[in-house]
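Here's the structure we're looking at; comments come further down.
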Amino acid sequence: MRIDYHTHNYRCGHAVGNLEEYVQSAIAKGLREIGLSDHMPLLHVDPVANADSAMAMAELPGYVEECLQLKEKYKDQIAVRVGLEGDFIEGYEDQIAAIVNGYPWDYVIGSVHFLGSWDVTDFRQVNQWEGRSVVSVYEQYFDAIQKAAATGLYDFIGHIDAIKRFGYKPEEDVSALENAALATIANQDLAIELNAAGFYAPVKEMYPSQRMLVQAKALNIPVTFGSDAHHPDKIIQKGDTARELLLQAGYTQLATFEGRKRTLKSF
């Protein structure tokens, strides 16, 4: 578990630390690879009103340039991978594609945070659950995951079941929804990540659940690891726990990325 492919920095407005601090933390912790993957600029909601949700569009070129500089500066100490967490927003595929195709990414994470204008991962918007059918929200969320996977824009799907973050879970069995999303990911030859951030949310478990992780392995879906660190000290957080969960699910390799090409490495 010497990699971490999901990190953020001060540019997104809700993380602390600059990119170099994350790289230096990864080196200090003995990582072989560190992925820099800040939030893609927002496309469908007011970026000024949501300035603490993602980096501004004006920041994007500088972010990529800094990532590339760090990749060169630290090449003898660690492999720095230039990444992006790219929100999937239905109807904005062309705008997303322009960003994905416009820069020399090593990888792009496909994540669903928004259902319409509702950021389902934002604790300040938890009241949006009120009056909604929980299972209907899950249906909408996993439909968006499938659509994201089908675009061909992404290398792996991020925090695939983050809809559970605040502990809202349907009384109904949603394993069919989860399995359908995984089947689409398998058909598109994408990977997923085991994301540690859920441990620090009300749900108190990783994304995905162990049941989904086992199902992903049954479908031969590659997996990578992401701490989803929003502070340099959180690099590789819960890495030992993640390793145990992966081994229990039958995984012995992690997906790594360079130049949008995937390589599996034993851990």
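The values are calculated or read from the model by the stated rules, or taken from the named source; none is laboratory data. Model, not experiment: these values are computed from the prediction. All Cβ positions, even for glycine, are placed from backbone atoms using ideal geometry, and neighbour counts span all protein chains on display. Calculation scope for accessible area: heavy atoms of the full protein, side chains included, ligands and nucleic acids excluded. Shrake-Rupley method; radii C 1.70, N 1.55, O 1.52, S 1.80 Å.
Net charge within 11 Å of Lys29 by Cβ-Cβ distance, Lys/Arg positive one each and Asp/Glu negative one each, not counting Lys29 itself?
Details: positive: Arg2, Arg32, Lys234; negative: Asp4, Asp233.
Result for the neighbourhood of Lys29: +1.
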Subject >> Contact order normalised by residue count of the chain, Cα under 8 Å, 6+ apart, percent >> reply: 20 percent
Original post:
So how far, in whole Å, is the C-alpha centre of region 207-267 from the one of region 114-180?
Top reply: 20 Å
Original post:
What percent of all Cα-Cα pairs in region 84-228 falls in each 10 Å bin, counting up from 0?
Top reply: 11, 44, 37, 8, 0
Subject >> Inverse mean reciprocal Cα-Cα distance (Kirkwood Rh) of region 55-96, Å >> reply: 12.1 Å
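Where a ≥ b ≥ c are the square roots of the eigenvalues of the C-alpha gyration tensor, would you call region 158-221 rounded, which needs a/c under 1.5, or, failing that, prolate if a/b is larger than b/c, or oblate?
Cα axes put region 158-221 in the oblate bin.
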**OP:** Let me know the charge dipole size of region 6-160 about its Cα centre in debye, to the nearest 20, where only the beta-carbon of Lys, Arg (+1) and Asp, Glu (-1) is charged.
**Re:** 400 debye
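Please report the antiparallel percentage of DSSP beta bridges with both residues in the chain, rounded to the nearest 5.
Working: 9 of 30 bridges.
Within the chain, antiparallel bridges account for around 30 percent of the total.
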**OP:** Could you calculate the contour length gain from Gln248 to Ala176, that is, 0.36 nm times the residue separation minus the distance between their Cα atoms, to one decimal place in nm?
**Re:** 23.7 nm
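Rank by packing, highest mean first: peptides 258-266, 189-197, with packing defined as the count of other Cβ atoms within 10 Å averaged across residues. Could the numbers behind the result be given before it?
Working: 258-266: 11.9, 189-197: 24.0.
Order by mean packing, descending: 189-197, 258-266.
Looking only at region 83-219, where both bridge partners belong to it, what percent of the DSSP beta bridges are antiparallel (to the nearest 5)? Display every interim value, and only then the final one.
Numbers: 3 of 12 bridges.
Around 25 percent of the beta bridges assigned by DSSP in region 83-219 are antiparallel ones.
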Original post:
With labels modelled as points extended 7 Å from the Cα through the Cβ direction, what inter-label distance (nm, one decimal) is found for Lys73 paired with Phe123?
Top reply: 3.1 nm
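For the chain, report the accessible area per residue in Å² (1.4 Å probe, heavy atoms, rounded to an integer). Walk me through the intermediate numbers first.
Working: 11140 Å² over 267 residues.
That works out to 42 Å² for each residue.
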Original post:
Too long at a 21 Å Cα-Cα cut-off: which of Lys164/Lys265; Lys75/Lys217; Lys238/Lys265; Lys75/Lys261?
Top reply: Lys164/Lys265; Lys75/Lys217
Original post:
Per residue, how much space in cubic angstrom lies within the convex hull of the C-alpha atoms of region 1-113?
Top reply: 95 Å³
Subject >> Lys/Arg +1, Asp/Glu -1 at C-beta; the chain dipole; positive extreme among Gln140, Leu19, Pro222 >> reply: Pro222
**OP:** DSSP loop (so not H, G, I, E, B), at most 16 other Cβ within 10 Å: list which chymotrypsin sites (Phe, Trp or Tyr not before Pro) in region 14-106 pass both filters.
**Re:** Tyr92
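So, with +1 on the Cβ of K and R and -1 on the Cβ of D and E, and no other charges, what is the size of the charge dipole of the chain about its Cα centre, to the nearest 20 debye? Please list the in-between numbers first.
Details: 24 positive and 37 negative charges, 178 e Å.
Value, rounded to 20: 860 debye.
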